[in-house]
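In what follows, a single structure is set out as structure tokens and then discussed.
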Amino acid sequence: MNWSEFAADWEAGWNSHDLNRIMKHYRDDIEFRSRKALDLVGQGELKGVKELRAYWAAALERQPDLRFKVQSVMAGHDMGVLVYTNHRNVLASEVLYVDDDNKVYRAAACHQVAQ
């Protein structure tokens, strides 16, 4: 897995607001965790591409100015971490577990805590 290329494509997908482009990285059976999902769709753990797509569609609709800028990319064994800022300069990260086809099957998003 070339995590630098993945991160660049991930960032470009989000900044395009094209859900198909965003979703291409994820398996149909994706498991995704985020406290932002809990706030927006009422559950913090999403299972399956249908639930994840619905959450991200709602997030994009609510934030038409949403933009991400990848700050750092870290690689592990069959996993990576993208550290990025959003359009409000909030620091966030996503931990992404990938299969042999480089498709994400498990992911979790964390956001900087206000200080």
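The values are calculated or read from the model by the stated rules, or taken from the named source; none is laboratory data. Please read all numbers here as calculations on a predicted model, not as lab measurements. Reconstructed Cβ throughout: ideal geometry from the backbone, glycine too, with neighbour counts over all protein chains shown.
Would you mind telling me which numbered condition in (1) in contact with a Phe, Trp or Tyr (Cβ under 7 Å, 6 or more places away or on another chain); (2) at pLDDT below 95 I30 fails?
Unmet condition: (2).
Search segment 62-105 for residues being in contact with a helix residue (DSSP H, G or I) (Cβ under 6 Å, 6 or more places away or on another chain) and of a type in the set (G, A, S), and hand back the single one that is nearest to I22 (Cα to Cα).
Top of the filtered list is G80.
Any residue at all in segment 45-63 that is touching a strand residue (DSSP E or B) at 6+ places or on another chain (Cβ under 6 Å), of a type in the set (A, V, I, L, M), surrounded by 15 or more Cβ atoms within 10 Å (Cβ to Cβ) and in a strand (DSSP E or B)?
yes
Of all residues in segment 66-113, count the ones that are under 13 Å from the mean Cα position of the chain (by Cα) and among the charged types (D, E, K, R).
Summing the residues that are under 13 Å from the mean Cα position of the chain (by Cα) and among the charged types (D, E, K, R) in segment 66-113 gives 5.
So A57 ticks every box in (1) in contact with a helix residue (DSSP H, G or I) (Cβ under 9 Å, 6 or more places away or on another chain); (2) closer than 21 Å to A7 by Cβ; (3) of a type in the set (G, A, S) but one. Which box is left unticked?
Evaluating A57 over (1) in contact with a helix residue (DSSP H, G or I) (Cβ under 9 Å, 6 or more places away or on another chain); (2) closer than 21 Å to A7 by Cβ; (3) of a type in the set (G, A, S) leaves (2) as the failure.
Among the residues of segment 51-66, are any acidic (D, E) and under 16 Å from D28 (Cα atoms)?
Scanning segment 51-66 turns up at least one residue that is acidic (D, E) and under 16 Å from D28 (Cα atoms).
So which residues in segment 73-92 are in contact (Cβ under 8 Å) with a residue 12 or more places away in the chain, surrounded by fewer than 16 Cβ atoms within 10 Å (Cβ to Cβ) and not aliphatic (A, V, I, L, M), if there are any at all?
Residues satisfying the conditions are D78, T85, H87.
For segment 69-83, give me the residue count where each residue is part of a strand (DSSP E or B) and within 20 Å of K103 (Cβ to Cβ).
Residues that pass the stated criteria total 9.
Among the residues of segment 18-32 satisfying the criterion of being touching a residue at least 60 places away in the same chain (Cβ under 8 Å) and not in a loop (DSSP other than H, G, I, E, B), which is surrounded by the most Cβ atoms within 10 Å (Cβ to Cβ)?
Ranking the qualifying residues of segment 18-32, first place goes to F32.
Can you confirm whether segment 33-40 contains a residue that is loosely packed, with under 15 Cβ neighbours inside 10 Å and assigned to a strand (DSSP E or B)?
No, the conditions are met nowhere in segment 33-40.
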